[in-house]
Amino acid sequence: MTPDTLDMLSAGEDATLARLHARLSSAAQEQDLLDVAYAVMPSPVGELLLAATPAGLVRVGFGIEGHDAVLAQLALRVSPRILEAPERLAEPVRQLEEYFAGTRREFNLPLDYRLATGFRRIVVEHLPEIGYGSTTSYAALAALAGNPGAVRAAGTACARNPLPVVVPCHRVVRSDGKIGNYLGGTEAKTALLAMEAAA
């Protein structure tokens with residue numbers, strides 16, 4: 001066989017696999033067998049994995065975390081019934097594209113906070129109160145969450161925020177003005193803050 005023939009066969013196999021995957025995804029949704037749908041999208045801070053349950057967006061994963069590792073954690077903590085189903089993530093993808101294009105300043109999405117528990121969940125639920133282009137300190141965030149002495153716990157909550165970017169933990173910095181750590185890496189945090197400051 002010629003290289004061109006091999007390329008045509010490979011392209012045909014890819015198209016067949018794509019059709020089969022679409023049918024599987026559709027059947028799983030129709031029969032209520034899909035607990036977690038996911039999609040991967042490009043962004044200025046690397047490829048993002050978006051995962052949603054019927055309750056809403058449950059996870060935003062950075063490439064630096066390893067998308068396979070994020071999916072494995074979702075299988076353990078939410079459900080092993082996970083399938084790539086980009087059509088289920090169309091709205092989160094659209095809103096994130098608008099955010100990165102500078103035309104969206106806040107998200108209007110149903111969110112599933114089940115991966116954050118206890119005080120961490122309280123902290124994470126307060127993060128959207130930090131306005132676009134603004135920052136706050138971990139100490140101020142702890143006070144906002146009702147426990148001013150829990151600065152370290154507030155920092156841990158931000159570090160483990162399951163919905164970064166959408167739930168803006170990148171807007172929380174150290175009291176000394178240093179940027180602090182970030183799930184997607186300090187370069188991603190710096191880029192997000194710079195993007196918002198320039199808007």
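Inter-label distance, GLU87 to ALA199: 3.1 nm, where each label sits 7 Å from its Cα along the C-beta direction.
Using alpha carbon coordinates only, what is the Rg to Rh ratio of segment 46-120, with Rh defined as the Kirkwood radius? Over the Cα atoms of segment 46-120, Rg/Rh equals 0.96.
Placing GLU106, GLU187 in order of accessible area, with the largest value first and a 1.4 Å probe, yields GLU187, GLU106.
Trypsin sites (Lys or Arg not before Pro), restricted to segment 131-199: which are DSSP loop and have at most 10 other Cβ atoms within 10 Å? Can you show the working numbers first?
Values: sites: ARG152, ARG160, ARG171, ARG174, LYS178, LYS189; in loops: ARG160, ARG174, LYS178.
Sparse-neighbourhood loop trypsin sites (Lys or Arg not before Pro): LYS178.
Determine the sum of side-chain charges near LEU141: Lys and Arg each +1, Asp and Glu each -1, restricted to other residues whose C-beta is under 13 angstrom from that of LEU141.
+2
Please calculate the 1.4 Å probe accessible area of THR156, with all protein chains present, and give it to the nearest 10 Å². Approximately 50 Å² for this residue. Taking all Cα pairs closer than 8 Å and separated by 6 or more residues, the relative contact order of segment 52-169 comes to 31 percent. Shown for segment 37-86: the carbon plus sulfur share of the solvent-accessible area, taken with all protein chains present and a 1.4 angstrom probe, equals 56%. Take every Cα pair under 8 Å whose residues are at least 6 apart in sequence, average their separation, divide by the length of segment 116-160, and the relative contact order is 46 percent.
The values are calculated or read from the model by the stated rules, or taken from the named source; none is laboratory data. The model shown is predicted, which means the values in this text are computed figures rather than measured ones. Backbone-built Cβ (ideal geometry, glycine too); neighbour counts: all protein chains shown. Protein only, heavy atoms only, side chains kept; ligands, DNA and RNA dropped before computing areas. Shrake-Rupley method; radii C 1.70, N 1.55, O 1.52, S 1.80 Å.
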